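Colleague: Could you have a look at this structure, given as C-alpha cells, before my questions?
The values are calculated or read from the model by the stated rules, or taken from the named source; none is laboratory data. Because the structure is predicted, anything quoted here is derived from the model rather than measured. Cβ coordinates were reconstructed from backbone atoms using ideal geometry, including for glycine residues, and neighbour counts include every protein chain displayed. Only protein heavy atoms, including side chains, enter the accessible area calculation; ligands, DNA and RNA are left aside. Shrake-Rupley method; radii C 1.70, N 1.55, O 1.52, S 1.80 Å.
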Amino acid sequence: MAVEQRERTRRRSRRDEILEIAMGLFAARGYHGVSMDDIGAAAGVTGPALYHHFAGKEAMLVAALNPVSEGLLAGGRARVAEHPDEAKAALESLVEFHVAFALANPVVIALHLHELDRLPEEPRRHIRRLQRLYVEVWVQTLTTLREELAPAEARVLAHAAFGLMNSTPFSGGEVDRERRSDLLRAATLAALLG
C-alpha cells in the first residue's frame, strides 16, 4: 500500500513537471507552435511517452487552466468570508490574493489570455463559468463597499482591476517582486476605490 502511494506521488510529480514544461512552451511559442514531440524533448521523454500522462495537448491545457480558475474562485470566496462585515478589508484581501497569484503565475496568466479559446467547447465553457463566478465575488464586494455603483459598473471596475493585476507576464524583472506587489496592489485599490 505505501509503495503504491509513493508510486502515485512520484507519477503525479512527473506529470506536474511535464505540465509545467508544456505550459512554458505554450506561453513562449503559442499552443499551435508546440508539438507533443517538442514537449517530450523538453521533458526528456519521447512524445508518445507523454500519452501515459495526458491524452494530448488539449488535455494539458485543460489540466493547467481548470484548477487555476477553481483555485481563484475558492480563494476569492475564502478571502471575502474572512471579512463578512468589512467590505473594504474584504476588497483589500481580494487584491492581495490576486496580486500574489499574478506574480507567482505569469505563464498561466499568459495562457489564459492567449490560449483559452483553443480548448474544446465544454472545458472552455466550464472555465469561463468559473471566471464569471470569480468576477461576481469582486462585484458583490464592490457594490457592498460602494453603494453608488450598479453591478454592471462594478463589473467594469473589476475587469479593469484584473487588467492591472494580470499585467505580470508583461512586466520585466527590473523591479523586484516585493515592490511590484506593492505597486500593483496600490494601483488596483486606487482604481477600485475611485
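Colleague: Under 1.5 on a/c is rounded, so check that first for segment 20-64, then, if it is not, pick prolate when a/b is larger than b/c and oblate when it is not; a ≥ b ≥ c are the square roots of the alpha carbon gyration tensor eigenvalues.
Modeller: Oblate is the answer for segment 20-64, as a/c is 1.5 or above yet b/c matches or exceeds a/b.
Colleague: Something else now. Please give me the summed charge of the neighbours of residue 125: other residues whose Cβ is under 13 Å from its Cβ, Lys and Arg +1, Asp and Glu -1.
Modeller: +1
Colleague: Can you give me the Rg/Rh ratio for segment 88-182, using Cα atoms for both radii and the Kirkwood formula for Rh?
Modeller: On the Cα set of segment 88-182, Rg over Rh gives 1.00.
Colleague: Still on this structure, please answer the following. Highest GNM mean-square fluctuation, the chain, Cα pairs closer than 10 Å: which of 141, 168, 46?
Modeller: 46
Colleague: Taking 8 Å as the Cα distance limit and 6 or more residues as the minimum spacing, I'd like the relative contact order of segment 56-133 as a percentage.
Modeller: Relative contact order of segment 56-133: 44 percent.
Colleague: Where does the chain land at 222 nm, in deg cm²/dmol rounded to the nearest 500, when only DSSP H runs of n ≥ 4 count, each adding -39500 (n - 2.57), divided by all residues?
Modeller: Calculated mean residue ellipticity at 222 nm is -25500 deg cm²/dmol.
Colleague: Mind jotting down the distance between the C-alpha centroids of segment 130-194 and segment 54-99, whole Å?
Modeller: Taking the Cα centre of each part, segment 54-99 and segment 130-194 sit 13 Å apart.
Colleague: How large is ³J(HN,Hα), in whole Hz, for each residue of segment 92-109 in order, when computed from phi with the Karplus curve 6.51 cos²θ - 1.76 cosθ + 1.60 and θ = phi - 60°, using x for Gly and Pro?
Modeller: After applying 6.51 cos²θ - 1.76 cosθ + 1.60, I find 4, 5, 4, 5, 4, 4, 6, 4, 4, 4, 4, 6, 7, 9, x, 5, 5, 5 Hz.
Colleague: Can you check what the net charge comes to around residue 23, using other residues whose Cβ is under 14 Å from the Cβ of residue 23 (Lys, Arg +1; Asp, Glu -1)?
Modeller: -2
Colleague: Step through the residues of segment 30-37 one at a time and calculate ³J(HN,Hα) from phi using the Karplus curve (6.51 cos²θ - 1.76 cosθ + 1.60, θ = phi - 60°), rounding each to whole Hz and writing x for Gly and Pro.
Modeller: For segment 30-37, the Karplus-derived couplings read x, 4, 6, x, 10, 9, 4, 5 Hz, x marking Gly and Pro.
Colleague: Find the accessible area per residue for segment 38-155; the probe is 1.4 Å, ligands and nucleic acids are left out, and the unit is Å².
Modeller: Per residue, segment 38-155 has an accessible area of 49 Å².
Colleague: What residue among 161, 152, 59 shows peak mean-square fluctuation when the chain is described by a Gaussian network model with Cα springs under 10 Å?
Modeller: Largest GNM mean-square fluctuation: 152.
Colleague: Quote the relative contact order of the chain in percent (integer), defining contacts as alpha-carbon pairs under 8 Å separated by 6+ residues.
Modeller: 21
Colleague: Just to confirm a number: summing +1 for Lys and Arg and -1 for Asp and Glu over residues other than residue 86 whose beta-carbon lies under 12 angstrom from that of residue 86, what do you get?
Modeller: So the environment of residue 86 carries a net charge of -1.
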